[in-house]
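The values are calculated or read from the model by the stated rules, or taken from the named source; none is laboratory data. Every value quoted in this text rests on a predicted model; they were computed, and no experiment measured them. Positions of Cβ are generated from backbone atoms using ideal geometry, with glycine treated the same way; all protein chains shown enter the neighbour counts.
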Amino acid sequence: MPRFLRRALLVLAGLVLVTAGFDAATYDARAWQADYARLKQDMAQGYANLDWIAAHRSLDLAALDRRTTAALDGAHSHVRAFLALRRFARAFNDPHLRLVPGERPVMPAAAVADAAPASAAAAVEADPPAGKDCAAAGYEEGDHAFHFPFAGLAGWTPMRTGDFPTGMLGDLGVLRIAQFGEDAYATACRQVFRPGIGGRELQLAVRELEGRRLVEAIGELRARGARRLLVDVSGNGGGSEWVTEVVALLTDRSLSRAQPRRVAPACDRSIVWRGAAAPCPVLEPEGERLTLQGRGVWTGPVWILADHHTASASEDFVAWLQQNKVARVLGQTTAGAGCGYVNGGGRTRLRASPFDVRMPNCARFLDNGTNEIEGIAPDVVLPMEGDATDQARALVAAISR
């Protein structure tokens, strides 16, 4: 579902609570409490960041539970009950833990790659048709343009436009990657779409086309004399596992990082809501490190420009390159979204309202042991809002060191 439509549906669903008879006369606290009880159970067993937030952010789960229970008992309307659950979710300050319009869960195309069909029939079942066209398949055209005020820099020469804008500043090539999700490239989707194409097949076809365009963009910068490369992922809210293919373009080295950890509790953890210590961890044990071999499309020095809106898969991009000392990061601490939804993630269906609660079922950790939901700090802090002249001057000073 396109992101703008998802937001619109969330607003519409909120209006439905008010206009479709969900009022004090029909409010049933028991139904909302039942939803809340299921949500707590699902989170205790399947919310990847629960233990980290309780331990490292000192969130008092028992006190939060008491407040939410009392709020639902005293809500007397569906609107107030919804707001109580929203406050509960927001208390965790986790971008991947959120209320969303209720919908039939669809396995994301990225998850189909994990399957290994034993027959053609199984393959068809694993990759259902994407839809009648790119819009029906959930593709929309993202805003790919530069937002950082590069145009105000003396000597700035814009080059490529389109999906991956580029420019030159002396011997510094600048490459903009605004999205790591294939579904933000509708024009590319239309170029590879054909009737009956599977959702996963379409995703990979768009990825392959955009991968070629990235290689071309980097080659053009190098041909114009770029000796250093700045990759601008400010505002990039994430995407898919495509990010690792992009990482591989920017080095010829072998890289490694900690393996993402998925939820795999070995016991009933419901007592965490009573303030007791978790009897077993929510995450699986730490596994072997991931490795990634660079393709070496670019082998020179790399900078990354990030901000508070660089999130999710984009944080994976930053972590791979920063931790392996391929790139230095400029800007702000990233959003702190971290790992998200593997095979769709976790979801609690609310029966008393037209909403679901989505929760991340994986967590990524930096080499220093920090959960990525705390954000990734830059090597050099830059202003990313406010006066454009100040931003430009700070950038020039940073890359001139």
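Brief remarks on what is shown
- Evaluation of residue 337 against (1) part of a loop (DSSP other than H, G, I, E, B); (2) in contact with a helix residue (DSSP H, G or I) (Cβ under 9 Å, 6 or more places away or on another chain); (3) over 27 Å from residue 38 (Cα atoms); (4) at pLDDT 95 or above (one fails), failing number: (3)
- Scanning the stretch 354-401 for residues that are assigned to a helix (DSSP H, G or I) and among the aliphatic types (A, V, I, L, M) gives 373, 388, 392, 394, 395, 396, 397, 398, 399.
- Taken over the stretch 270-294, the criterion of being within 28 Å of residue 377 (Cβ to Cβ) and either among the basic types (Lys, Arg) or touching a Leu at 6+ places or on another chain (Cβ under 6 Å) (or both) is satisfied by 282, 289, 292.
- Listed by first and then second residue, the pairs linking a residue in the stretch 293-310 that is more than 22 Å from residue 373 (Cα to Cα) to a residue that is among the hydroxyl-bearing types (Ser, Thr, Tyr) and surrounded by 15 or more Cβ atoms within 10 Å (Cβ to Cβ), with Cβ atoms under 8 Å apart and 6 or more places separating them unless they lie on different chains, are 294/251; 296/251; 298/251; 299/251; 302/251.
- Reported count of residues in the stretch 161-185, each being touching a Pro at 6+ places or on another chain (Cβ under 9 Å) and either crowded, with 21+ Cβ neighbours inside 10 Å or free of Cβ contacts under 8 Å to residues at least 40 places away in the same chain (or both), is 8.
- Top-ranked residue of the stretch 352-401 - restricted to ones that are among the hydroxyl-bearing types (Ser, Thr, Tyr) and out of contact with any Phe, Trp or Tyr (no Cβ under 8 Å at 6 or more places or on another chain), ranked as surrounded by the fewest Cβ atoms within 10 Å (Cβ to Cβ): 400
- Residue in the stretch 74-107 that is modelled with the highest pLDDT, counting only those that are among the β-branched types (Val, Ile, Thr) and under 22 Å from residue 339 (Cα atoms): 100
- From the list 291, 334, 310, the lone residue that is closer than 21 Å to residue 259 by Cα, buried (at least 23 other Cβ atoms within 10 Å of the Cβ), among the hydroxyl-bearing types (Ser, Thr, Tyr) and in contact with a strand residue (DSSP E or B) (Cβ under 6 Å, 6 or more places away or on another chain) is 334.
- Per the listing 145, 137, the residue uniquely aliphatic (A, V, I, L, M), assigned to a loop (DSSP other than H, G, I, E, B) and surrounded by 19 or more Cβ atoms within 10 Å (Cβ to Cβ) is 137.
- Between 222, 253, 213, the distinction of being surrounded by fewer than 20 Cβ atoms within 10 Å (Cβ to Cβ) and closer than 19 Å to residue 320 by Cβ belongs to 253 only.
- The stretch 196-224, residues that are of a type in the set (A, V, I, L, M, F, W, C) and farther than 23 Å from residue 172 by Cβ: 197, 202, 204, 205, 206, 209
- Annotation note: Cβ proximity below 6 Å between a residue of the stretch 95-106 that is closer than 10 Å to residue 355 by Cβ and surrounded by 16 or more Cβ atoms within 10 Å (Cβ to Cβ) and a residue that is of a type outside the set (Gly, Ala, Ser) and at pLDDT below 95 (sequence gap 6+ or interchain) occurs for 99/355; 101/9; 101/10; 102/354; 102/355.
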